[in-house]
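Below is one structure, written out as structure tokens; comments come after it.
Bear in mind that the values in this text are calculations on the coordinates, not laboratory data. As the structure is a computational prediction, the values presented were derived from the model and not from experiment. No Cβ is skipped: glycine too gets one built from the backbone with ideal geometry, and neighbour counts run over all protein chains shown.
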Ligand SMILES: [Zn+2]
């Protein structure tokens, strides 16, 4: 079975709608000819309701098992600032209410992971929100610990922030780095610090991202995961990333790990996925 540790089904659907007809079944065309187990990331209730609707869809569910994670995305604070600056009547978001929602969803077992959450310090305007990013990251770790759920991380230009949290993170069931972009040494260092870390790779390893390729080739095999980050991590010449990309990503992992067939890689990645997401 193919496994996708991180995707955004609602955003994928919206992206596809820009070019094709407005029918939920257009998502069917993005599925390869194999069963897929995927974690759909949700940043709000619209995302989550869409995931739940897809997971019940008679046609899609034959091939796609979709489960959900839910979290406050670290980019939201910068985006909200931009909107508040541009539109004086733009409504603030109550993030404490979002936390309550997250807690409730975890208690009701509607989600199987917390996130994506973390830090995005890509440039000056993201860095402006570092303090609030940190506040809500800490709060989300607490919820992950309270419900013993894995944590899915989005970390951009901010790996140093994660090293400041390793003591707390080492108490988490599992910490899953979506689209790992750290160095091999940083990855190994997290494992040495007893953080139960999983490193997820998508199309970056096909896009000549040297650090991701090196990490994917040399980190312990039992720590690797595959993801599409659909629709956001497209291959060259493609309109968006989708579940079909998993086949290319697996092929590339098999080559990088030397001597694996794509099927062997698929089975290893499936086993890792099961352990990482606590099945
Ligand atoms: Zn994402």
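Worth a mention:
- With an a/c value under 1.5 for the gyration tensor axes a ≥ b ≥ c computed over the alpha-carbon atoms, the stretch 2-276 is described as rounded.
- Separation of alpha-carbon centers, the stretch 222-237 and the stretch 47-62, rounded to whole Å: 21
- Residues 103, 120, 245, arranged from fewest to most other Cβ atoms within 10 angstrom of their Cβ, appear as 103, 120, 245.
- Cα gyration tensor, the stretch 180-270 - rounded (a/c under 1.5), prolate or oblate: prolate
- Burial ordering of 6, 154, fewest other beta-carbon atoms within 10 Å first: 154, 6
- Panel order for 30, 228, 46, 101, by other beta carbons found within 10 Å of each beta carbon, from fewest to most: 46, 101, 30, 228.
- With the simple spin-label model, which puts each label point 7 Å out from Cα in the Cβ direction, the residue 125 to residue 208 separation comes to 2.9 nm.
- Note on the chain: with a GNM built from Cα contacts shorter than 10 Å, the maximum mean-square fluctuation among 132, 249, 155 falls on 132.
- Once both labels are positioned 7 Å from their Cα atoms along Cα-to-Cβ, the gap between residue 157 and residue 270 label points is 4.1 nm.
- The chain - percent relative contact order, Cα under 8 Å, separation 6 or more: 19
- Here the spin labels are modelled as points 7 Å beyond Cα on the Cα-Cβ line, and at residue 247 and residue 56 they lie 3.2 nm apart.
- Cα centroids of the stretch 101-154 and the stretch 179-200: 18 Å apart.
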